[in-house]
Amino acid sequence: MPDIRSARIMILATHGFEESELLVPLRKLKEAGAQVDVVSPESGEIRGWKHTDWGEKVKVDKQLGEVRAEDYDAIVLPGGQINPDLLRVNEQALKLIKSFIDSGKVVAAICHAPWLLVELDAVRGRQVTSYHSIKTDVKNAGGNWVDAEVVVDGGIITSRRPDDLDAFVAKIIEEVQEGSHAQQRQAS
């Protein structure tokens with residue numbers, strides 16, 4: 001089992017991420033000892049969304065073209081409506097997320113971020129949760145949508161909303177420490 005203190009975790013986001021869904025995992029994963037990089041198609045800074053208006057800016061550590069899934073243990077996908085909607089039409093972002101899924105590494109998506117998993121046909125046959133407004137999207141993509149604060153299926157972690165962040169981050173830490181889920185998914 002890898003220790004969270006030696007883990008490398010990527011948070012993939014662009015402008016319009018739900019502020020708490022990036023900042024809380026970033027802080028808590030760093031506090032647990034993980035090395036965390038904010039990765040974006042943008043350089044410099046990206047700006048979050050807080051409730052009904054633009055929120056804080058966050059420094060981008062690495063641009064999307066500079067990273068590979070092989071260099072990380074997990075990827076975290078914050079929600080908000082804008083962020084995943086922009087990323088799901090970015091072929092480079094989708095290819096990167098698919099690399100994490102295919103290798104059995106931890107993929108954690110909260111709120112509207114399961115849209116990215118829907119785009120990759122990665123929810124089919126899996127237990128998944130999300131923000132309630134995209135429940136039909138998840139179901140239409142073959143996912144088994146459940147109303148729970150956090151759901152794990154084969155290394156893919158999903159969560160509903162900012163109120164679920166404590167459970168979401170705790171599950172990320174737990175799943176990273178379990179290691180690769182490639183065999184687990186192949187067996188199911």
Condition (residue is more than 12 Å from the chain's Cα centre (by Cα), in contact (Cβ under 8 Å) with a residue 40 or more places away in the chain and at negative phi) applied to the stretch 131-149: is it met by at least one residue?
yes
For V60, work out the one condition from (1) crowded, with 23+ Cβ neighbours inside 10 Å; (2) within 15 Å of V39 (Cβ to Cβ); (3) in contact with a Gly (Cβ under 8 Å, 6 or more places away or on another chain); (4) not small (G, A, S) it doesn't fulfil.
(1)
Out of all the residues in the stretch 126-133, is one or more charged (D, E, K, R) and either surrounded by 24 or more Cβ atoms within 10 Å (Cβ to Cβ) or over 11 Å from I156 (Cβ atoms) (or both)?
no
Does any residue in the stretch 26-39 that is closer than 12 Å to A170 by Cα come within less than 8 Å, Cβ to Cβ, of a residue that is assigned to a helix (DSSP H, G or I) and basic (K, R) six or more places away or on a different chain, and which pairs are these?
A32/R5
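Please determine whether any residue of the stretch 83-90 is crowded, with 24+ Cβ neighbours inside 10 Å, among the aliphatic types (A, V, I, L, M) and closer than 21 Å to A7 by Cα. If you could, list the steps in order and put the result at the bottom.
Here is the first cut: in the stretch 83-90, the ones crowded, with 24+ Cβ neighbours inside 10 Å are 83-84, 87.
Those still in the list that are among the aliphatic types (A, V, I, L, M) too: 87.
Subset that is closer than 21 Å to A7 by Cα: none.
There is no residue in the stretch 83-90 that is crowded, with 24+ Cβ neighbours inside 10 Å, among the aliphatic types (A, V, I, L, M) and closer than 21 Å to A7 by Cα.
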List the residue pairs whose Cβ atoms are under 8 Å apart, where the first residue sits in the stretch 5-21 and is over 19 Å from Q35 (Cα atoms), the second is surrounded by fewer than 23 Cβ atoms within 10 Å (Cβ to Cβ) and among the acidic types (D, E), and the two are 6 or more positions apart or on different chains.
T14/E42; H15/E42; G16/D85; E19/E56
Can you find a residue that is farther than 24 Å from Q177 by Cβ, free of Cβ contacts under 8 Å to residues at least 24 places away in the same chain and out of contact with any helix residue (DSSP H, G or I) (no Cβ under 8 Å at 6 or more places or on another chain) anywhere in the stretch 75-90?
yes
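Taking the stretch 153-173 only, how many residues are of a type in the set (D, E) and either under 22 Å from P2 (Cα atoms) or assigned to a loop (DSSP other than H, G, I, E, B) (or both)? Give the derivation first.
From the stretch 153-173, those of a type in the set (D, E) are 153, 163-164, 166; that's our starting set.
After this cut, where a residue has to be either under 22 Å from P2 (Cα atoms) or assigned to a loop (DSSP other than H, G, I, E, B) (or both) as well, the list is 153, 166.
Adding up the residues that qualify gives 2.
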Collect the residues in the stretch 40-54 that are touching a residue at least 24 places away in the same chain (Cβ under 8 Å) and not aromatic (F, W, Y), keeping them in residue-number order.
S40, P41, E42, I46, R47, G48, K50
Residue ID - farthest from R160 (Cα to Cα), chosen from residues in the stretch 89-135 that are of a type in the set (D, E, K, R) and in contact with a Phe, Trp or Tyr (Cβ under 9 Å, 6 or more places away or on another chain):
K105
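Any read-out appearing in this document is the output of simple, stated calculations on the displayed coordinates, not a laboratory observation. Being a predicted model, the structure only gives us computed values, none of them experimental. All Cβ positions, glycine included, derive from the backbone under ideal geometry; neighbour counts span all protein chains shown.
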